[in-house]
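A short worksheet on the structure shown next.
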Amino acid sequence: MLRNRWQKTLERCADQPAIYEGAEVLRFADLAEALERLPPARGPVLASGKARDIALATLQGWRDEQPVLPVERADGDLPEFGERPGEVAHLKLTPGSDGRPRTVRFTARQIAADADRLVEAMGLTPEVPNLATLSLAHSYGYSSVILPLLLHGIPVRTVEVPFPAVVSEAWKPHEAIVVPAVPSMWKAWLRSGILADAPIRLAISAGAPLPLDLEVAAWEAHALKLHNFYGATECGGISWDATATPRSHPHDLGEPLPGVDVEVDPDGRLRVRSSSVALGYDGSRCDDQLADGTFLTPDIGHLDGGRILLDSSAGGHINVAGRKIGAVRVENILLATGLLPRVRVFAVPSQDPERVDEVAALVPPESDLAALRSAASEKLAGWEMPRHWFTDPTAWQLSRSDLRQRFARRPA
């Protein structure tokens, strides 16, 4: 199915721009020619790197009927690939509660349904490229940028880093552009002044809660509406705020996307039903809440006039500017350096609300932090490395939530 969808895109758009990289422009026909040079895939295809790398790896998986797994780093910690149903066409990584990453399984129809839903709801068209400031291996970036490219012919303008000067230079050649980003990026761009007269057709914010004051500031300064978008790895897009002016409530997640049903469970959690809800996880567990086309999110919320309002997020992961980090995984990597006898990793609230959380670690007083950071940097990305280190000997018996409360306002 996905291969056939790509072929139709290629027939429509062969000579049209697919990926803008600096001064270079790759056409859809160029992607097809590059795909022909790739060897047959014999197992799950890891998609990482730049936009063209991820796009080609995706097409390779579709061509050879192998699952595609987008990853930040192909040499990072990956789950073991065991047997899985032949209908599985796509995998997403999610942090495991035991420190081992898990994969979420999707059929071709489920992964395509997510992209189709976003394209329809947001009015994305091949005439207006997406700006790829996000990690394209992340569920948000992949569904918002890579899948619309391959399934709908919507081109991509890449940027090396989301720094204001780089971003403003990237969108200059375009009369209009769509920008999916996270709140911390929007805040930096607003402060820098590059949003003045920017050719932004649609500004989307997801990955972390969009602060209302940031949304209002962008509107008052540049009449730029930031659209709050809400989704989850297990089910893709859930809702978005399609209104033309700023929201009146900071926790407003907008209305469900077309074909998405949201209800509130008796415990207050949001339950999602849609055609893009995944099959399930690799390695099922008794507490899994993903099956039969429904996903029970960890988020607490309520419905108000057809709109979703988020009351609190009950997820157990650390959210750093939209990136989800498993605390146990970071603990295991720090312990594997051999420089610590024990460690507790947890989240503390960031002073910058757009970042949401920051990673903190409780370590013994005699720890050599410089050596520890150096050794752990081989396995941890910059955003995963603890920013705060604490040595309180009375805190070892506390839960992660209690550690968060104790150290929320204490200097490291």
ARG42 assigned by TED's automatic domain parsing to the domain that holds GLU169, farther than 23 Å from SER144 by Cα and at pLDDT below 95: yes
Any hit, segment 162-172, residues being of a type in the set (Gly, Ala, Ser) and in contact with a strand residue (DSSP E or B) (Cβ under 6 Å, 6 or more places away or on another chain): yes
Residues satisfying the stated conditions in segment 395-412, i.e. aromatic (Phe, Trp, Tyr) and not in a loop (DSSP other than H, G, I, E, B): PHE407
Checking GLY382 against (1) small (Gly, Ala, Ser); (2) crowded, with 17+ Cβ neighbours inside 10 Å; (3) under 27 Å from the mean Cα position of the chain (by Cα), the condition it does not meet: (2)
Selected residue (criterion: surrounded by the fewest Cβ atoms within 10 Å (Cβ to Cβ)) from residues of segment 316-337 that are in contact (Cβ under 8 Å) with a residue 24 or more places away in the chain and farther than 26 Å from TYR142 by Cα: ALA336
The lone exception for VAL179 - which of (1) more than 30 Å from LYS8 (Cβ to Cβ); (2) touching a strand residue (DSSP E or B) at 6+ places or on another chain (Cβ under 7 Å) it fails: (1)
Segment 34-53: number of residues that are exposed (fewer than 11 other Cβ atoms within 10 Å of the Cβ) and charged (D, E, K, R): 3
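State all residues of segment 335-394 that are part of a loop (DSSP other than H, G, I, E, B) and at positive phi; if no residue qualifies, say none.
Answer for segment 335-394, where residues must be part of a loop (DSSP other than H, G, I, E, B) and at positive phi: just GLY338.
Residue-by-condition table, conditions (1) under 23 Å from ARG52 (Cα atoms); (2) surrounded by 22 or more Cβ atoms within 10 Å (Cβ to Cβ):
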site: GLU127; (1), (2): yes, no
site: SER144; (1), (2): yes, yes
site: LEU150; (1), (2): yes, yes
site: PHE163; (1), (2): yes, no
site: LEU190; (1), (2): no, no
site: ASP197; (1), (2): no, no
Selection from segment 167-188 of residues that are among the hydroxyl-bearing types (Ser, Thr, Tyr) and buried (at least 19 other Cβ atoms within 10 Å of the Cβ): SER184
Qualifying positions in segment 20-59 - over 20 Å from the mean Cα position of the chain (by Cα) and in a strand (DSSP E or B): TYR20, GLU21, GLU24, VAL25, LEU26, ARG27
Residue match in segment 271-284 (condition: within 30 Å of LEU195 (Cβ to Cβ) and within 19 Å of the chain's Cα centre (by Cα)): no
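The values are calculated or read from the model by the stated rules, or taken from the named source; none is laboratory data. Values in this document were obtained by computation on a predicted structure and should not be read as measured data. Note: ideal-geometry Cβ built from the backbone for every residue, glycine included; neighbour counts use all protein chains shown.
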